[in-house]
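Here the structure comes first, spelled out in structure tokens, and everything after it is commentary.
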Amino acid sequence: MKLTFVTDLGQSFVVEIDPDMELENVMALLEAESGIPIAEQSIHYEGRDLSNPKATMKECGVGDQAMLLLRRKVSVAGRTLEQDAEMMRFQVLGDPALMRQLQQTNPEIAQAAQNDPARFAELLGQTRQRHVEAEAEVARLEADPFDIESQRRIEEAIRQQAVMENLEHAMEYSPESFGRVTMLYIPVEVNGHPVKAFVDSGAQSTIMSPECAEACGIMRLIDKRFEGIARGVGTARIFGRVHSAQLKLADIHLACSFTIMEGRDVDLLFGLDMLKAHQACIDLGKNVLRIQDREVKFLAEHELPDKARSLDAGVPDGDAPQAGPSSNPQSPPPQPFPGSGHTIGGIPARTPPAVAQSQARPSPFPEAAITTLMGLGATRELAISSLEAAGGNVDIAASFLFQ
């Protein structure tokens, strides 16, 4: 059978044993797993202290998938006592490896251990209370195997465990998938004005914002016969088209056409039309854009435009001016710059922050619990689903990551 041992600090250790294994042998396994010597272990189950080393797990009333509390005892003036909150805090402070693990799995407890002893004791008390509630929840779910709701929650817990195992596998073997990808920007000059252009082979057309066109001095060349509306999630106004303007890339000068479209997230989007016209090649191995035998290196993250860094960080650009005048008071507000893999009239790459916030899933659980799970690498949806599967218990939800 499989048993889960949870400490007051939220650490969990899973062992698989035979039901007839004696307690002292289980404690020996725990010593190998947790590093806590047998003499310092204190094991509790359903409020009972398991103190008979010769008793088997079956005799102690411990069943399969049970969760037990593992506490550490210390010696004070020749007497062996269970650790209180202050003793445990000193243990955490004196163990750098344990402190690093807590900072990753439970940063709130780690911060309280360093700065706020009273808060640390309070969090320990809450953790112990959750352990008691978790044990009662498991017992309730297993009490009636024919209860449909209990079976549904058990099924969801099993599904959530598979999701967490998949997440753990990804974090161990492909952690790069959780990193932030830096967008591809190159330095160019349009009509002598320096611009940082976003290279997007998924965008059908090369697009420029009206502010950038004004700075480059080409607004007077706009052919308004090409004006219209780009539709997707929301709309964006197309002012028209500049059929030909000089674009300098490295030491070569190219003739380039631009669609002038409102939007404030990207000044210039270098789309597929110009990439194909000039037979450009995006070489991610060398991190360059190759065009007419020249290699232009993509900008490093610190060289990106401020707008691009704000978008990557998820910061809405709320103070930026609106792009382009509007004579219709009923017209919808400008949307973020289309592109990033979509054609004109396709779905814009990024949902506006207000829309994304309105689509956030409501939760009956405390925001602190959701934040704690998100700190382990889970998305908000995953964190809420995990809490639902665990009946609101943060430790059970988080322990899926380490099973």
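If you take just the helices (runs of 4 or more DSSP H) that sit entirely in the stretch 353-394, which of them hold at least 1 residues that are modelled with pLDDT of 75 or more and not aliphatic (A, V, I, L, M)?
Values: elements: 353-358, 367-374, 380-389.
It comes to 367-374, 380-389.
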For this session: Consider residue 111 carefully, then state whether it is under 29 Å from the mean Cα position of the chain (by Cα), surrounded by 13 or more Cβ atoms within 10 Å (Cβ to Cβ) and in contact (Cβ under 8 Å) with a residue 40 or more places away in the chain.
Result: no
Exercise. Which condition breaks for residue 149 when tested against (1) at pLDDT 80 or above; (2) surrounded by 14 or more Cβ atoms within 10 Å (Cβ to Cβ); (3) more than 26 Å from the chain's Cα centre (by Cα)?
Worked result: (2)
Exercise. So, in the stretch 133-172, of the ones that are in contact with a Gly (Cβ under 8 Å, 6 or more places away or on another chain) and hydrophobic (A, V, I, L, M, F, W, C), which residue ends up farthest from residue 396 (Cα to Cα)?
Worked result: 171
Problem set entry | Top-ranked residue of the stretch 98-108 - restricted to ones that are within 20 Å of the chain's Cα centre (by Cα) and at pLDDT below 80, ranked as farthest from residue 371 (Cα to Cα) | 101
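Quick check: is even one residue across the stretch 31-51 in contact with a strand residue (DSSP E or B) (Cβ under 6 Å, 6 or more places away or on another chain), assigned to a loop (DSSP other than H, G, I, E, B), under 25 Å from residue 99 (Cβ atoms) and assigned by TED's automatic domain parsing to the domain that holds residue 105? If you could, list the steps in order and put the result at the bottom.
We begin by selecting, within the stretch 31-51, every residue in contact with a strand residue (DSSP E or B) (Cβ under 6 Å, 6 or more places away or on another chain); these are 33-34, 36, 40, 42-45, 50.
Within this subset, residues satisfying the condition of being assigned to a loop (DSSP other than H, G, I, E, B) are 36.
Still in the running and under 25 Å from residue 99 (Cβ atoms): 36.
Next cut, assigned by TED's automatic domain parsing to the domain that holds residue 105 only: 36.
Checking the stretch 31-51: at least one residue is in contact with a strand residue (DSSP E or B) (Cβ under 6 Å, 6 or more places away or on another chain), assigned to a loop (DSSP other than H, G, I, E, B), under 25 Å from residue 99 (Cβ atoms) and assigned by TED's automatic domain parsing to the domain that holds residue 105.
Just checking, does the stretch 169-176 include any residue being within 30 Å of residue 299 (Cβ to Cβ), surrounded by fewer than 16 Cβ atoms within 10 Å (Cβ to Cβ) and touching a helix residue (DSSP H, G or I) at 6+ places or on another chain (Cβ under 8 Å)?
Let us first name the residues in the stretch 169-176 that are within 30 Å of residue 299 (Cβ to Cβ), namely 170-171, 174-176.
Filter once more, keeping what is surrounded by fewer than 16 Cβ atoms within 10 Å (Cβ to Cβ): 170-171, 174-176.
From the residues that got through so far, the ones that are touching a helix residue (DSSP H, G or I) at 6+ places or on another chain (Cβ under 8 Å) too are 170-171.
Yes, there is a match, as at least one residue in the stretch 169-176 is within 30 Å of residue 299 (Cβ to Cβ), surrounded by fewer than 16 Cβ atoms within 10 Å (Cβ to Cβ) and touching a helix residue (DSSP H, G or I) at 6+ places or on another chain (Cβ under 8 Å).
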Exercise. Out of the residues in the stretch 290-312 that are within 29 Å of the chain's Cα centre (by Cα) and not in a helix (DSSP H, G or I), which is surrounded by the fewest Cβ atoms within 10 Å (Cβ to Cβ)?
Worked result: 300
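If you check residue 111 against the conditions, is it more than 22 Å from residue 5 (Cβ to Cβ) and out of contact with any Pro (no Cβ under 9 Å at 6 or more places or on another chain)? It would help to see each step written out before you state the result.
On the way: more than 22 Å from residue 5 (Cβ to Cβ): yes; out of contact with any Pro (no Cβ under 9 Å at 6 or more places or on another chain): yes.
Considered against the rule, which asks whether it is more than 22 Å from residue 5 (Cβ to Cβ) and out of contact with any Pro (no Cβ under 9 Å at 6 or more places or on another chain), residue 111 comes out as yes.
Could you list, in sequence order, all residues of the stretch 183-217 that are part of a loop (DSSP other than H, G, I, E, B), in contact (Cβ under 8 Å) with a residue 60 or more places away in the chain and surrounded by fewer than 17 Cβ atoms within 10 Å (Cβ to Cβ)? If you could, list the steps in order and put the result at the bottom.
Going through the stretch 183-217, the residues part of a loop (DSSP other than H, G, I, E, B) turn out to be 183-184, 191-192, 200-206, 209, 217.
Checking the rest, the ones that are also in contact (Cβ under 8 Å) with a residue 60 or more places away in the chain come to 183-184, 200-206, 209.
Of everything in the stretch 183-217, those that are part of a loop (DSSP other than H, G, I, E, B), in contact (Cβ under 8 Å) with a residue 60 or more places away in the chain and surrounded by fewer than 17 Cβ atoms within 10 Å (Cβ to Cβ) turn out to be 201, 202.
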For this session: Please determine, by comparing only the residues of the stretch 94-108 that are of a type in the set (D, E, K, R) and surrounded by fewer than 16 Cβ atoms within 10 Å (Cβ to Cβ), which one is farthest from residue 397 (Cα to Cα).
Result: 95
Problem set entry | Answer residue from the stretch 221-233, given it is closer than 16 Å to residue 207 by Cβ and outside any helix (DSSP H, G or I) and is farthest from the chain's Cα centre (by Cα) among those | 223
Exercise. Does residue 226 satisfy being within 24 Å of residue 183 (Cα to Cα) and among the aromatic types (Phe, Trp, Tyr)?
Worked result: no
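Condition check: in a helix (DSSP H, G or I), at negative phi and assigned by TED's automatic domain parsing to the domain that holds residue 386. Does residue 159 satisfy that? Reasoning before the result, please.
Working: in a helix (DSSP H, G or I): yes; at negative phi: yes; assigned by TED's automatic domain parsing to the domain that holds residue 386: yes.
For residue 159, the condition - in a helix (DSSP H, G or I), at negative phi and assigned by TED's automatic domain parsing to the domain that holds residue 386 - is met.
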For this session: Under 9 Å between Cβ atoms, at least 6 apart or on separate chains: pull out the pairs that start in the stretch 371-397 with a residue that is not assigned by TED's automatic domain parsing to the domain that holds residue 102 and end on any residue that is part of a loop (DSSP other than H, G, I, E, B) and basic (Lys, Arg).
Result: 380/361; 381/361; 384/361
Exercise. Among all residue pairs at least 6 apart or on different chains, which show Cβ distances below 6 Å where the first residue, located in the stretch 260-289, is within 16 Å of residue 240 (Cα to Cα) and surrounded by fewer than 22 Cβ atoms within 10 Å (Cβ to Cβ) and the second is among the hydrophobic types (A, V, I, L, M, F, W, C) and modelled with pLDDT of 90 or more?
Worked result: none
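The values are calculated or read from the model by the stated rules, or taken from the named source; none is laboratory data. Owing to the predicted nature of the structure, the values given are computational and were not obtained by experimental measurement. Here the Cβ is made from the backbone with ideal geometry for all residues, glycine too, and neighbour counts use every protein chain on show.
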